[in-house]
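Take a look at the structure set out below.
The values are calculated or read from the model by the stated rules, or taken from the named source; none is laboratory data. Note that the structure is predicted; figures quoted are calculated from it, not measured. As a convention, Cβ positions derive from the backbone with ideal geometry for all residues, glycine included, and neighbour counts pool all protein chains shown.
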Amino acid sequence: MLKTKIVLLSALVSCALISGCNDEKKSNVSIEFMHSSVEQERQAIISQLIARFEKENPDITVKQVPVEEDAYNTKVITLARSGSLPEVIETSHDYAKVMDKEQLIDRNAVTNVIQAMGENTFYDGVLRIVRTEDGAAWTGVPVSAWIGGIWYRKDVLAKAGLEEPKKLAAVIDRCADIK
């Protein structure tokens, strides 16, 4: 969780800096951060992260734009058509690839953020997931990941006289054996 928070803050900092890099002299930069964390608990955590970020970057203001997950992709399309996409969007890697094909992702900005943070900031394999199909660029800056797992009861296996599985095929075999 801590690494995710640090990466999220770093991504916000980097994206804010990139969005603020233009020829106009501005003393304050305001960015929108669209995400699907509409639950109060998640918004509270994001608010804390934003407050910390804004304290460390007093010239940057971040506005949360929480959107229900069911309406998220439609909202992205609507905002893209009207030219009003937020500066920072949290989305799945799959949808980021769709957005990339529609040329809605600034590949240079993403590359700048990843290089500024350092590729070694990310867990092994995470950057491969957000690579473009041709491998030439990234479709986003990873900020979180879902972890899947299989849990089993050792006592049930022991009672059945079965060894603990080490691979998925063995898990499937053990299930068939116990059945």
Give Ile18, Ile60 a once-over and let me know the one that is modelled with pLDDT of 95 or more, in the same structural domain as Asn112 (by TED's automatic domain parsing) and surrounded by 17 or more Cβ atoms within 10 Å (Cβ to Cβ).
Ile60
Over region 76-96, the set of residues assigned to a helix (DSSP H, G or I) and either buried (at least 18 other Cβ atoms within 10 Å of the Cβ) or free of Cβ contacts under 8 Å to residues at least 24 places away in the same chain (or both) is Val76, Ile77, Thr78, Leu79, Arg81, Asp94, Tyr95, Ala96
Among the residues of region 127-178, how many are farther than 30 Å from Lys97 by Cα, among the small types (Gly, Ala, Ser) and either within 28 Å of the chain's Cα centre (by Cα) or surrounded by fewer than 13 Cβ atoms within 10 Å (Cβ to Cβ) (or both)?
5
Can you confirm whether region 30-50 contains a residue that is under 22 Å from Thr111 (Cα atoms), modelled with pLDDT under 95 and in a helix (DSSP H, G or I)?
no
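Give region 24-54 a look and list any residue that's among the acidic types (Asp, Glu), closer than 24 Å to Ser92 by Cβ and loosely packed, with under 11 Cβ neighbours inside 10 Å, or say none.
Answer for region 24-54, where residues must be among the acidic types (Asp, Glu), closer than 24 Å to Ser92 by Cβ and loosely packed, with under 11 Cβ neighbours inside 10 Å: Glu39, Glu41.
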Going through region 107-122 one residue at a time, which ones are closer than 20 Å to Thr91 by Cα and either touching a residue at least 40 places away in the same chain (Cβ under 8 Å) or not assigned by TED's automatic domain parsing to the domain that holds Leu85 (or both)?
Ala109, Asn112, Val113, Met117, Thr121, Phe122
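With respect to Trp151, is the statement that it is in contact with a strand residue (DSSP E or B) (Cβ under 9 Å, 6 or more places away or on another chain) and aromatic (Phe, Trp, Tyr) true?
In short, no.
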Would you confirm whether or not region 116-123 contains a residue that is under 17 Å from the mean Cα position of the chain (by Cα) and of a type in the set (S, T, N, Q)?
yes
